[in-house]
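Trainee: Structure in structure tokens, see below.
The values are calculated or read from the model by the stated rules, or taken from the named source; none is laboratory data. The model shown is predicted, which means the values in this text are computed figures rather than measured ones. All Cβ positions, glycine included, derive from the backbone under ideal geometry; neighbour counts span all protein chains shown.
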């Protein structure tokens, strides 16, 4: 056991007191030396937001007393930036893991996901990274069925690395009486949220809206994350931050601009 | 002139009172019937954030008295959602344009960009969309040199459409004594922000940080948006919201998961 243990940064978007990050920290302590930098409040739906118009706060936290652990006033992407540049003094961790998110981040939800923005921020810094999410919206979800897969996927990433510019989006089905069927490497389903705005009046008679909606999957593919989850598999989508639509570049060269 | 004029939704991330959106609204009035739904405060750096933990407000604005125009308390992505589902009663506009952003959104900045999140949100809804940004950080930038290109690119999109799932990221160099050299269809440069955290103490002696940083382009390609901008061209990057790294899927199928 003389081998140097890997340095693993853990963050999330549900906030440092959530159950999901506690579970993930516990898993990661089997694999390496863990540092935690996570938001001090829930940041769900923050997408790849960063904080540029306000100052950021960073304090040691009491939530993980046995670890170097900090809570941050910013977004998940801010947490990764502050962790690398300030807490770790520009020493890159060997792995960044984010989650486990309370709720799915499959299909189009990746764009709105603070969990995945932390992983993609790490990928931008050239650090292997994984975002983990559980498709369970109850207040006290059971994460236990995900442990062996969290460990196996993280071990593979630590051993084999990930291509530069890519991070993994891992989603788990909620715990059911049946054990999980395994892991599927998938593409992002072309599914979306069908928005519904719930219109109300405040006590002063002024109108306000709650963003609600339902998830609609019109993608018939059996190679998607949505299909894998529907079959009780763990979905793993490798995601890149190069958004260029290369095939459209050729089409557009004929435009008269 | 019996042809039906296109319906164009204009939004941005600098807020409804910014100069950039006033210029863009003025341009779009040459092309169609304009509706404005834009944030009531600056939303720079919001990425693809949406507002799910707070209610949203939407009010008619006095900023564009001659138009159907609303200011919204939410993010750029919220504005597009509320515009389509509430203001336009689910009648999709023919085009969504966002900007003109005060500052560049080239290369990796697209991920942090509220301007582009509005365009991508429209693409998710199947609406042709363009985000415009000007690489000028002065308080009173001159947008006039961009007009002919804004109109030409928007006309092309209205006439030819864009592939489903794709939106355009258009960046302009700041005005210089030389006229612009034309338009280049580009890929997103693999450049990034090198973060610097400016550490300070508040009047109570508590530490805080400002996120700062400098833009570093290590991508030598001459087919990138950064290169085009450096040569005084308008850069146009077609961007997709399918983040799947397809080539990595094959590599990962050999993993032991």
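Trainee: Considering only region A:44-68, state which residues are within 7 Å of chain B (Cβ to nearest Cβ) and in contact with a helix residue (DSSP H, G or I) (Cβ under 9 Å, 6 or more places away or on another chain). If you could, list the steps in order and put the result at the bottom.
Mentor: Start the filter on region A:44-68 by keeping residues that are within 7 Å of chain B (Cβ to nearest Cβ), which leaves A:44-53, A:55-58.
Result: A:44, A:45, A:46, A:47, A:48, A:49, A:50, A:51, A:52, A:56, A:58.
Trainee: Would you check if residue A:209 is out of contact with any helix residue (DSSP H, G or I) (no Cβ under 6 Å at 6 or more places or on another chain), within 11 Å of chain B (Cβ to nearest Cβ) and part of a strand (DSSP E or B)?
Mentor: Working: out of contact with any helix residue (DSSP H, G or I) (no Cβ under 6 Å at 6 or more places or on another chain): yes; within 11 Å of chain B (Cβ to nearest Cβ): yes; part of a strand (DSSP E or B): yes.
For residue A:209, the condition - out of contact with any helix residue (DSSP H, G or I) (no Cβ under 6 Å at 6 or more places or on another chain), within 11 Å of chain B (Cβ to nearest Cβ) and part of a strand (DSSP E or B) - is met.
Trainee: Same structure again: Tell me the residue from B:47, B:20, B:74, B:15 that is outside any loop (DSSP other than H, G, I, E, B), under 28 Å from residue B:111 (Cβ atoms) and touching a residue at least 24 places away in the same chain (Cβ under 8 Å), please. Let's see the steps before the verdict.
Mentor: Details: B:47 fails: outside any loop (DSSP other than H, G, I, E, B); B:74 fails: outside any loop (DSSP other than H, G, I, E, B); B:15 fails: outside any loop (DSSP other than H, G, I, E, B).
It is B:20.
Trainee: Moving on. Report whether or not residue B:83 is more than 9 Å from every other protein chain (Cβ to nearest Cβ) and closer than 19 Å to residue B:166 by Cα. Before the answer, list the steps.
Mentor: Details: more than 9 Å from every other protein chain (Cβ to nearest Cβ): yes; closer than 19 Å to residue B:166 by Cα: no.
Spelling it out, it is not the case that residue B:83 is more than 9 Å from every other protein chain (Cβ to nearest Cβ) and closer than 19 Å to residue B:166 by Cα.
Trainee: What tally of residues in region A:226-243 results from selecting those that are under 16 Å from residue B:246 (Cβ atoms) and in contact with a helix residue (DSSP H, G or I) (Cβ under 9 Å, 6 or more places away or on another chain)?
Mentor: Total satisfying the criteria: 8.
Trainee: What is the residue count in region A:86-113 for residues that are in a helix (DSSP H, G or I), in contact with a strand residue (DSSP E or B) (Cβ under 7 Å, 6 or more places away or on another chain) and facing chain B (nearest Cβ under 10 Å)?
Mentor: First, the residues of region A:86-113 that are in a helix (DSSP H, G or I): A:86-87, A:109-112.
Among the residues that remain, those that are also in contact with a strand residue (DSSP E or B) (Cβ under 7 Å, 6 or more places away or on another chain) are: A:86-87, A:110.
Filter once more, so that each one left must be facing chain B (nearest Cβ under 10 Å): A:86, A:110.
Residues flagged as in a helix (DSSP H, G or I), in contact with a strand residue (DSSP E or B) (Cβ under 7 Å, 6 or more places away or on another chain) and facing chain B (nearest Cβ under 10 Å) within region A:86-113 amount to 2.
Trainee: Looking at B:156, B:256, which is the one that is facing another protein chain (nearest Cβ under 8 Å), buried (at least 18 other Cβ atoms within 10 Å of the Cβ) and free of Cβ contacts under 8 Å to residues at least 24 places away in the same chain?
Mentor: Working: B:256 fails: buried (at least 18 other Cβ atoms within 10 Å of the Cβ).
Only one candidate passes the filter, namely B:156.
Trainee: Continuing with this model, one more query. Suppose we keep only residues that are surrounded by 14 or more Cβ atoms within 10 Å (Cβ to Cβ) and free of Cβ contacts under 8 Å to residues at least 40 places away in the same chain within region A:231-253. Which one would you say is farthest from the other protein chains (Cβ to nearest Cβ)?
Mentor: Taking the candidates together, the pick is A:251.
Trainee: Scan region A:23-33 for residues that are more than 13 Å from residue A:154 (Cα to Cα) and surrounded by 18 or more Cβ atoms within 10 Å (Cβ to Cβ) and jot them down.
Mentor: Passing the criteria: only A:23.
Trainee: Tell me which residues, restricted to region A:138-153, are within 14 Å of chain B (Cβ to nearest Cβ) and either over 13 Å from residue A:100 (Cβ atoms) or more than 17 Å from the chain's Cα centre (by Cα) (or both).
Mentor: A:148, A:152
Trainee: Residues in region B:23-43 that are out of contact with any strand residue (DSSP E or B) (no Cβ under 8 Å at 6 or more places or on another chain) and either within 14 Å of chain A (Cβ to nearest Cβ) or under 18 Å from residue B:111 (Cβ atoms) (or both): how many? Even if it seems obvious, please write down each step before you answer.
Mentor: Start the filter on region B:23-43 by keeping residues that are out of contact with any strand residue (DSSP E or B) (no Cβ under 8 Å at 6 or more places or on another chain), which leaves B:26-27, B:29-30, B:41-43.
Checking which are either within 14 Å of chain A (Cβ to nearest Cβ) or under 18 Å from residue B:111 (Cβ atoms) (or both) leaves us with B:41-43.
Total satisfying the criteria: 3.
Trainee: Filter region A:187-200 for residues that are more than 7 Å from chain B (Cβ to nearest Cβ) and under 18 Å from residue B:86 (Cα atoms); which is surrounded by the most Cβ atoms within 10 Å (Cβ to Cβ)?
Mentor: Filtering region A:187-200 for residues that are more than 7 Å from chain B (Cβ to nearest Cβ) and under 18 Å from residue B:86 (Cα atoms), the one surrounded by the most Cβ atoms within 10 Å (Cβ to Cβ) comes out as A:193.
Trainee: Right, another one. Of (1) modelled with pLDDT of 95 or more; (2) crowded, with 24+ Cβ neighbours inside 10 Å; (3) within 14 Å of chain B (Cβ to nearest Cβ); (4) under 15 Å from the mean Cα position of the chain (by Cα), residue A:72 satisfies all except one. Which?
Mentor: Every condition holds for residue A:72 apart from (4).
Trainee: Sticking with this structure for a sec: Could you please find all residues in region B:201-230 being farther than 26 Å from residue A:166 by Cβ and surrounded by fewer than 20 Cβ atoms within 10 Å (Cβ to Cβ)?
Mentor: Those that are farther than 26 Å from residue A:166 by Cβ and surrounded by fewer than 20 Cβ atoms within 10 Å (Cβ to Cβ): B:201, B:202, B:203, B:204, B:205, B:206, B:207, B:208, B:210, B:212, B:230.
Trainee: Given A:95, A:88, which one is crowded, with 18+ Cβ neighbours inside 10 Å and either over 16 Å from the mean Cα position of the chain (by Cα) or touching a residue at least 12 places away in the same chain (Cβ under 8 Å) (or both)?
Mentor: Numbers: A:88 fails: crowded, with 18+ Cβ neighbours inside 10 Å.
The conditions single out A:95.
Trainee: So, one more: Inside region A:162-182, can you point out the residues that are within 10 Å of chain B (Cβ to nearest Cβ) and surrounded by fewer than 21 Cβ atoms within 10 Å (Cβ to Cβ)?
Mentor: Result: A:163, A:164, A:165, A:182.
Trainee: Taking residue A:110, is it surrounded by fewer than 24 Cβ atoms within 10 Å (Cβ to Cβ) and within 18 Å of the chain's Cα centre (by Cα)? Can you show your working first?
Mentor: Values: surrounded by fewer than 24 Cβ atoms within 10 Å (Cβ to Cβ): no; within 18 Å of the chain's Cα centre (by Cα): yes.
No: the conditions fail for residue A:110.
Trainee: Please go through region B:131-153 and pick out each residue that is closer than 29 Å to residue A:78 by Cα and buried (at least 24 other Cβ atoms within 10 Å of the Cβ).
Mentor: B:131, B:132, B:133, B:134
Trainee: Also, I was wondering about something else. If residue B:122 satisfies all but one of (1) under 30 Å from residue B:195 (Cα atoms); (2) buried (at least 21 other Cβ atoms within 10 Å of the Cβ); (3) more than 7 Å from chain A (Cβ to nearest Cβ), what's the number of the condition it fails?
Mentor: Among (1) under 30 Å from residue B:195 (Cα atoms); (2) buried (at least 21 other Cβ atoms within 10 Å of the Cβ); (3) more than 7 Å from chain A (Cβ to nearest Cβ), the lone unmet condition for residue B:122 is (1).
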